[in-house]
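Before any comments, here is the structure.
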Ligand SMILES: N[C@@H](CCC(=O)N[C@@H](CS)C(=O)NCC(=O)O)C(=O)O
């Protein structure tokens, strides 16, 4: 089954999750109409009810009765699209490989976004660029005074939100070190394979691409770092933007057991940074604490508790628990020594 009617999505050039989904739609050859704009305003103009928080991107899909329904949150939308069109799937058939892909997608969405948000708003040069580009990529004809008003509004609001992702003077060096390490790991990985899990992309590639589309394509400081540390990643981002022409007929994902050690090294970065953050956040949520601190990469990390990432930990575990005993064992073998095993509950 393949989709024929274009699916509308509303989002922004400067939104990593919009770019994740746009490149995924292109790769999957799912017809779409890309509406650059504010989801709430667009939905109001179409008379479609808004989700509780209309995130970017917001998709307009058909509900069970064929009525238009506005939905957000990229990962469940990806799984919904898999049901609507089977060709050029981005979810591996092997459940164990699909689990690793799920984990990489979550790492892209929830940890790499800390790189993105930090570099966008922490340094004055980047904040100035984003202050101009976020309004202009919605409307290039904005009069100068309106642009200045939007620029002040966005900048003040987003700089005020740096605390939500844990970006502050103490964590800035940890974020920078993780970003550089991640780029070096990708540099080595892309010497071996064109995508994370083999010869074609999976949803985890698109999640990481989404964040890197900003870090390399939008914000000046992280762009300069990427060119210095990983030219291969710069090339990868340039092409994953539109892989609609990739002939997938003869292309496969690797067997879990034949993934290069460079992929295990990437999982070690997940275990070194994102895993302690997920676990400390979940512990704080359970204790009803609004703030948490923990040791990440040898430094003290402190940030506000984030209920959504509590759910991420739960979802990772749900995916793991769905695996057969053999597949759990295969995952345990792969993740041993990476730090990711701390996420997985075994009886
Ligand atoms: N988990 C969501 C996250 C989407 C998200 O956080 N989008 C950002 C923009 S990139 C947003 O809409 N933030 C709220 C705002 O800017 O008001 C997803 O995967 O789609």
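Read-outs throughout are calculated quantities, based only on the coordinates presented, and are distinct from any laboratory measurement. For clarity, every value in this text was computed on a predicted model and none was experimentally measured. Using ideal geometry, Cβ is built from the backbone for each residue, glycine included, and neighbour counts are taken over all protein chains shown.
With a simple spin-label model that places each label point 7 Å from the Cα along the Cα-to-Cβ direction, the separation between residue 170 and residue 227 comes to 3.5 nm.
Inter-label distance, residue 257 to residue 315: 3.1 nm, where each label sits 7 Å from its Cα along the C-beta direction. Each semi-axis of the equivalent ellipsoid for the range 188-347 is √(5λ) with λ an eigenvalue of the Cα gyration tensor; in descending order they amount to 29, 23, 14 Å. Relative protection proxy for 283-296, 322-335, 88-101, 211-224, from highest mean packing down: 211-224, 88-101, 322-335, 283-296 (other beta-carbon atoms within 10 angstrom).
Per residue of the chain, the DSSP helices (runs of n ≥ 4 H) give a summed -39500 (n - 2.57) that works out to -17500 deg cm²/dmol at 222 nm.
At q = 0.12, 0.14, 0.15, 0.19 Å⁻¹, work out log10 I(q)/I(0) for the range 1-154 with the Debye formula, treating every Cα as an identical point scatterer and leaving solvent out; two decimals please. Normalising to I(0) and taking log10 leaves -0.61, -0.81, -0.91, -1.28.
Across all Cα atoms of the range 7-84, the radius of gyration (one decimal) and Dmax (whole number) stand at 11.6, 34 Å.
Seen from all directions on average, the range 247-315 presents a Cα convex hull projection of 6.9 nm².
Which of these, 63, 242, 139, has the largest mean-square fluctuation under a Gaussian network model of the chain (Cα springs below 10 Å)? Result for the chain, Cα springs under 10 Å: 63 fluctuates most. The Cα center of the range 58-109 and the Cα center of the range 5-41 differ in position by 14 Å. Per-residue packing, averaged as other Cβ atoms within 10 Å, sorts the ranges 51-60, 307-316 into the order 51-60, 307-316, beginning with the highest. A straight chain from residue 52 to residue 140 at 0.36 nm per residue would run longer than the Cα-Cα distance by 28.8 nm. Computed extension gain for residue 29 through residue 326, at 0.36 nm per residue and net of the alpha carbon distance, reaches 103.5 nm. For the pair residue 73 and residue 87 in one chain, pulling the backbone fully straight at 0.36 nm per residue adds 2.8 nm over the alpha carbon distance.
Of the beta bridges in the range 7-84, as assigned by DSSP with both residues counted there, near 55 percent are antiparallel.
Here the chain is described by how far its Cα atoms reach on the three principal axes: 59, 51, 43 Å, from widest to narrowest.
DSSP beta bridges fully contained in the chain are about 70 percent antiparallel.
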